[in-house]
Amino acid sequence: MNWIRDAWYAVARADEISAKPLARTLFGAPMVLFRDSAGAAVVLSEVCPHKSAPLSLGEVVGDHIQCPYHGLMFERSGACVHVPGQQQIPASLRVASWPCAESLGLVWAWPGEPARITDAPPGHARHGAAGWTCLHGTPLIFPAAIERVLDNLVDPAHTSFVHRRTIGGSDAADVPLQVSESADQIVVQRWIDGSEPVPVMRRHGRFEAKVDRWQVYALHLPNLSVVDFGAVPAGTARDEASRDRHYRTYSFAALTPRDAHSTHYFWLVLRNFAPGDAAVSAEMEAAYLATFAEDMELLERIEKIRGVGEAPPETLLAIDGGTVRLRRALAARLAEETQR
Ligand code: FES
Ligand SMILES: [Fe+2]
């Protein structure tokens, strides 16, 4: 598979990993995730190089994982550090290891060349900041290739149709989208001026009259979508401070290839209202899951048509500015990575 590997990819919600090994398919490969005695996350290939037993059935002993079959032990670098019944350990006896780090309540791993790590995994200034509450959503698996799920996230035009029963406000369908691009992100956005607040905004934003609302869909290449969504009373200031004072949410989706036809979908939502209110978080989680189910249903069908079967070429239209830029940017990045 042609995947971009030199990037931080979310591999688990932080609370999914413990000293009990967790098996997870990532980039088409069986991997095992656990925490060492200091609580640091470790991501290794799951297959023991002795006789291929799955390491996730083994145990974490101190900082090492022990194979359930004959007791070989591996450290976080992937090197074997103990072989029952023999002193000499061949240097070749090791499993693949991916560097990892935590941010935004997620564990991120680097499936590519470690020497090409230049920065930390993505963060956000409002995560953990006063006045902001974070909902760490249940991790999902989308039954479609990562390119298709990414495409859906730079395509706000589908919202008025696929999500008409959930989040799709009908007064936005004809408001044009502005698309812009920089070195590492693609942004699709629009302001809908003098609009009726959508139901969630009416409820939590306490708006008495019309609002100016915005949708800013930023795709941080190659795998993170951040949607900034909110409203201010119509005609008021639009600077960051004013937008932070009224109704605002940031929805994050961090995507990671599971295999050629499925994608891990880690998500979280930051909000500036109902601080710490667990009931509001539960209600938001249910609403997001209902919306994701609508995307999943459609993308699964498209995956069967295009990803598994043979389909005629697509036709791109005026609404596909985000898609065009996304495909070009991903192809360029992949070409650059494979040429290095
Ligand atoms: S298969 Fe892992 S120790 Fe033998
Ligand atoms: Fe959608």
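Just so it is clear, none of the values below were taken in a lab; they were calculated from the coordinates. All figures in this text were calculated on a predicted structure; none of them were measured in a lab. Ideal geometry is used to build each Cβ from the backbone, glycine not excepted, and the neighbour counts take in all protein chains shown.
To one decimal place, what Kirkwood hydrodynamic radius in Å is obtained for segment 280-331 from all pairs of distinct Cα atoms?
13.7
What number comes out for the charge environment of residue 247, summing +1 per Lys or Arg and -1 per Asp or Glu over other residues with Cβ under 15 Å away?
Surrounding charge for residue 247 is +4.
Can you give the translational diffusion coefficient of segment 225-340 in µm²/s, computed by Stokes-Einstein from the Kirkwood radius over Cα pairs at 4 °C and 1.567 mPa s?
Diffusion coefficient, whole number: 72 µm²/s.
Give me Rg/Rg_expected for segment 133-339, where Rg uses Cα atoms only and Rg_expected = 2.2 N^0.38 Å with N residues. All intermediate terms of the calculation are to be shown ahead of the outcome.
On the way: Rg = 17.5 Å, N = 207, 2.2 N^0.38 = 16.7 Å.
So segment 133-339 has a normalised radius of gyration of 1.05.
Quick one: 133, 159, 256, fewest Cβ neighbours within 10 Å first, how do they rank?
Ascending number of Cβ neighbours within 10 Å: 133, 159, 256.
Report, in cubic angstrom per residue, the convex hull volume of the C-alpha atoms of segment 95-210.
Spread over its residues, the Cα hull of segment 95-210 gives 184 Å³ apiece.
Does segment 175-259 come out rounded, prolate or oblate, given a ≥ b ≥ c as the square roots of the eigenvalues of its C-alpha gyration tensor, rounded meaning a/c under 1.5 and, failing that, prolate meaning a/b above b/c?
prolate
Compute the relative contact order of segment 133-339 as a whole-number percentage, counting only Cα pairs closer than 8 Å that sit 6 or more residues apart in sequence. If you can, show how the numbers build up before the last one.
Details: 348 pairs, mean separation 57.9, N = 207.
That works out to 28 percent.
If you wrap segment 214-260's Cα atoms in a convex hull and average its projection over all directions, what's the area in nm²?
On the way: hull surface 15.6 nm².
Projected over every direction and averaged, the Cα hull of segment 214-260 covers 3.9 nm².
What does the charge add up to near residue 32, with Lys and Arg as +1, Asp and Glu as -1, over the other residues with Cβ less than 9 Å from its Cβ?
The answer is 0.
As a footprinting exposure proxy, order 146, 302 by other Cβ within 10 Å, with the fewest listed first.
Lowest to highest Cβ neighbour count: 302, 146.
More than 14 Å apart: what percent of Cα pairs in segment 72-136 qualify?
More than 14 Å apart: 69 percent of the Cα pairs in segment 72-136.
Could you run the Debye sum over the Cα atoms of segment 9-116, one equal point scatterer each and no solvent, and tell me log10 of I(q)/I(0) at q = 0.16, 0.19 Å⁻¹, two decimals?
Calculated log10 I(q)/I(0) at the listed q: -0.65, -0.90.
Under 17 Å Cα to Cα from residue 20, which aspartates and glutamates show up? Leave out anything in the same chain fewer than 8 places away.
Cross-link targets: 36, 46, 59, 63, 75.
So how do 340, 190, 35 line up by other beta-carbon neighbours within 10 Å, fewest first?
340, 190, 35
Taking 8 Å as the Cα distance limit and 6 or more residues as the minimum spacing, I'd like the relative contact order of segment 9-116 as a percentage.
25
Could you tell me which helices of the chain pass both thresholds, a Cα extent of 30 Å or more along their own axis and a mean Kyte-Doolittle hydropathy of at least -1.0, with helices taken as whole DSSP H runs?
On the way: long enough: 278-302 (36 Å, 0.44).
Those that pass (Cα extent of 30 Å or more, hydropathy at least -1.0) are 278-302.
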